[in-house]
Amino acid sequence: MRSIIPFVFLTFVLIFAQLSSVAYPDDPFSGIGNPAYLGALETDVFAARAYDKENTTGSIAIAGHGYLIGTDFDQNRYSFYWGLGLGSRSGGIGYVDRTVWLDNEKVHMWRAGIISRPIRWLAWGASYSEFFGQDFRTGIAIRPATDRITLWADMISDKNFNEQKFIVGGEILPIDGVHLYGSYDIDGKTAFVGARFDFGHLSLSGGADQDGDSPFAQTMLSSKRFRSLLPFRAKSIKLVFKGSYPESPSIFGKKCFRRTIDAISKLVDDEKVKRIVIKDDGASFTFAQREELRNVLKRFEARGGKILVYAEKLGNGGMFLYSIADTICLPPAGDVNFIGIGGAITYYKGLLDKIGVKADMVHIGKFKTAAEPYSADSMSEQMRSEITAILARIDTSIVEAVADGRNVGVDMVRKWISDAPQTASSAKNIGIIDTVAYFDEFKIFSGWKKATSIGTYLDENDKLAYRWNESPAIAVIPVEGSIIHGSSAPAGFLSSRSVGDKSLVKIIERAAKDKNVKGIILRIDSPGGSAFASDQIWHAARKAHHKKPVWTSMGSYAASGGYYIASAADSIFADETTITGSIGVIGGKFSIAGLYEKLGLRSETIYLSPNANLYSLTDTFSNAQRDRYRQNMEQAYGLFKNRVLEGREKLTPHGLEKIAQGKVHTGTAALENGLIDRIAGISDVQKEMAENLEIDNDYVVKHFSQYSSFDFWELLGKLSLLPKIFQRTNGERFPAFSSDENLWFVVPYVLELK
């Protein structure tokens, strides 16, 4: 047993005592001295170390967040160790278990540790071992003014605190990728020095004591990049746009618009990137999403970046988005369907009459025409004028944007639309696109093969953090889909997303309580829904606004209930083509008495009060009931306007009434009438909030999700949906007119621009 003690002590000294502290372990081997390092580790690391020049000894370890496996060995003995840890960058706990074999002897030992990093410049750590050095060690580390300088001091004692010794040390990073270490054993009067050099994912280091004894050399490979002497550079980035991009991740994948726009914004702001090459493989963006992408790409173009695009075909949205490109390429069989925009609304009254269903609806606001397709045969003048005005604004935006991007006049763009559709060759001849080629040919002249994929670019820029506590965060909370009372539901095979007040209120409250979250952005893409649920979410957002800034970023839709929620924010941002407003109320029910009669069904009823049949599906409202119902709706309408006036301090009651009444506005019109504060996409909103919070050089975006985990039973429910008679033609579910939901803040129509 005695013969193994020197080996254990030597291993401990060389691996841990020389150049690191229990408060600042920075590699797997120093993590043996304080296994709490494993809880705070944010990368997977392979490390190998050699030391002892007379009797070469080696150590190999693999570590990652929460785990460690390693071995020490020389000609006569070896050991095996493993460890577990829990925690985050701001601190953790850990345990290492070790077994040493020497000839016929076997020794088992363990060590437990803790690290706390309460603030950015202060760390404290402690570890205790039973036989593994038989010591208690505690230390403190500070970073005065910068994370490039770290100073630390440790005290080591036996478990009875009878014998104590002190070690002090520090580390300096004069430039990225260079670490200079030093420590001094006060009792032993021994100094240790070392250096480490980082090259991307590779790190090389070494050191020795003041006499050149006990030298060691070490190498590490990390899954995340170190701050490196060789910074990652990529001049050309390639992107593939394919499929739809929901605001929030779907239940089957992580692809979503917010992450996509964040990624593109990052490379656009990287001055080293000179070229973006895009392949549009049937992408299905909403028009507001295309607007935000276009604005981000315009920033890239403005600083001299080149954009090359390959698409199989171009429609209105594709032409709008890619018109700013330096090169637009289509294959010979491709076509351009830049045909202009229009709208169509399906009216169901004739069908309902035939099957014996009557829509008995009440609305507040003469432009609140959400139920019109169910109670009328044709479009009202109010709806027609509203839709025409909105389409005209969007049409003007499209034409002017394409004219600017293609460097031609507006009249030329109008002619392109009038002469549409065009084949690829015809489109090239008249200047709509720049070249015609197959994709393999495009890859050659665009430099596609040499370009770095966006995934690789993001991975290489996700460098290993050196700060001790968590980065300040901006929370982005999605409000996506129809607003309902209850829990949020992801899109199923036959249904769209819904945002439930119970789910969203919890998320907002969690973000408001999170000390690391400095500001909240509600990302709204909703046509509205339940009046009750909208008010619950509004209340939660308004409470959060008293603790930290709450802003709203509007996507394609933030209308009616969506705008109701948005009004709780300190500032509201929208795209030019965002559909918003629709301040009004609708309520009512469907009577299926006629359907019962056609089916030979009979309903016998007993009512003990004149209003007991208020929500009966076989009766329409009586005059008294309708009057009472309208009074409730008037109060709901008044509450809606009060919420808006509370959030929009520059609006007056008279001024609000002129733009309310259920009227729908584009983002541009909403800016003019004071419903929003500025035209900006989500990436610009995040940057502006960071600047206002003075964290613009050091923050992360924390994307919250309404769907905390994959719900197998919910999916089964989606697969076995009962038939739904009343749905939006674009797939957006119309709020269910049922007895438990009697008032709705719903936009009158949903426009999909292709």
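Bear in mind these aren't lab numbers, they're just calculated from the coordinates by the rules spelled out. Predicted model only: the values in this text are computed from it and were never measured. Cβ sites come from the backbone with ideal geometry, for glycine too, and all protein chains shown count toward neighbours.
As a length-normalised measure over Cα pairs under 8 Å and 6 or more apart, the relative contact order of the range 551-668 settles at 39 percent. Among F136, F445, the order by Cβ neighbours within 10 angstrom, fewest to most, reads F445, F136. Can you give me the Cα centroid spacing of the range 624-684 and the range 424-458 in angstrom? About 46 Å separates the Cα centre of the range 624-684 from the one of the range 424-458. Annotation: aspartates and glutamates with alpha-carbon distance below 16 angstrom to K165 (same-chain offsets under eight excluded): D135, D154, D185, D187. Where only DSSP H runs of four or more residues are counted, the chain gives -8500 deg cm²/dmol as its mean residue ellipticity at 222 nm, each run worth -39500 (n - 2.57).
Taking amide H as placed 1.01 Å from N in the peptide plane, T577 has its amide H under 5 Å from the amide H of G667, each at least 5 places away in sequence or on another chain. Using alpha carbons only, how many degrees (0 to 90, rounded to 10) separate the axis of helix 531-545 from the longest principal axis of the chain? The helix 531-545 is inclined about 40 degrees to the chain. Sparse packing (at most 16 other Cβ atoms within 10 Å of the Cβ) combined with a DSSP loop state is found for the following chymotrypsin sites (Phe, Trp or Tyr not before Pro) in the range 149-205: F161.
Listed from fewest to most Cβ neighbours within 10 Å, the set F257, F439 follows the order F439, F257. Across the range 634-645, coupling constants 3J(HN,Hα) worked out from phi with the 6.51/-1.76/1.60 Karplus curve, θ = phi - 60°, read 4, 5, 5, 5, x, 5, 4, 5, 5, 4, 5, 5 Hz, and Gly and Pro carry x. Working note: Karplus 6.51/-1.76/1.60 with θ = phi - 60° gives the range 287-293 the couplings 5, 5, 5, 4, 4, 5, 4 Hz, where Gly and Pro are set to x. Among the listed pairs K513/K548; K279/K443; K224/K274; K235/K266, those with a Cα-Cα distance over 21 Å are K224/K274. Taking the fewest neighbouring Cβ atoms within 10 Å as the starting point, the ordered list for I278, I307 is I307, I278. A simple charge model with +1 on the Cβ of Lys and Arg, -1 on the Cβ of Asp and Glu and nothing else charged puts the dipole of the range 476-601 at about 560 debye relative to its Cα centre. Backbone amide hydrogens, once placed in the peptide plane, bring S453 within less than 5 Å of K238, excluding anything fewer than 5 places away on its chain. How many percent of Cα pairs in the range 4-222 exceed 29 Å? Taking all Cα-Cα pairs of the range 4-222, the fraction more than 29 Å apart is 17 percent.
Between Y607 and E672, the distance separating the two model label sites (each 7 Å from Cα on the Cα→Cβ line) works out to 4.7 nm.
Are any of the pairs K272/K449; K255/K547; K515/K702; K366/K658; K349/K598 more than 22 Å apart by Cα-Cα distance, and if so, which? Distance filter (> 22 Å) returns K255/K547.
Given R0 = 56 Å, the distance between the Cβ atoms of V700 and A191 translates into a calculated FRET efficiency of 0.90.
Mean sequence separation of contacting Cα pairs (under 8 Å, at least six apart), scaled by the length of the range 4-222, corresponds to a relative contact order of 18 percent. Take every Cα pair under 8 Å whose residues are at least 6 apart in sequence, average their separation, divide by the length of the chain, and the relative contact order is 11 percent. DSSP assigns beta bridges within the chain; of those with both partners inside it, close to 70 percent run antiparallel. Among the trypsin sites (Lys or Arg not before Pro) in the range 583-691, those located in a DSSP loop and surrounded by at most 16 other Cβ atoms within 10 Å of their own Cβ are R602, K650. Charged neighbours of K235, selected by a Cβ distance under 11 Å, balance to +4 (K, R count +1; D, E count -1). In order along the range 661-666, the phi-based Karplus estimate (6.51 cos²θ - 1.76 cosθ + 1.60, θ = phi - 60°) of 3J(HN,Hα) comes to 6, x, 5, 9, 10, 6 Hz; Gly and Pro are listed as x. For T190, the shell of other residues with beta-carbons less than 13 Å away shows a net charge of -3, using +1 for Lys and Arg and -1 for Asp and Glu.
Of the residues G58, P231, Y607, the one whose Cα sits farthest towards the positive end of the charge dipole of the chain is Y607 (charges of +1 on Lys and Arg Cβ, -1 on Asp and Glu Cβ, taken about the Cα centre). In loop segments of the range 582-667 as defined by DSSP, the GluC sites (Glu not before Pro) with at most 14 further C-beta atoms inside 10 Å of their C-beta are E604, E649.
Of the residues S30, S380, L293, the one whose Cα sits farthest toward the positive end of the charge dipole of the chain, with +1 on the Cβ of Lys and Arg and -1 on the Cβ of Asp and Glu, is S380. Assuming charge only on the beta carbon of Lys and Arg (+1) and of Asp and Glu (-1), the dipole of the chain about its Cα centre is about 1280 debye to the nearest 20.
Labels on offer are (1) 1.13; (2) 0.98; (3) 1.08, and the one holding Rg/Rh (Cα atoms, Kirkwood Rh) computed from this structure is (3).
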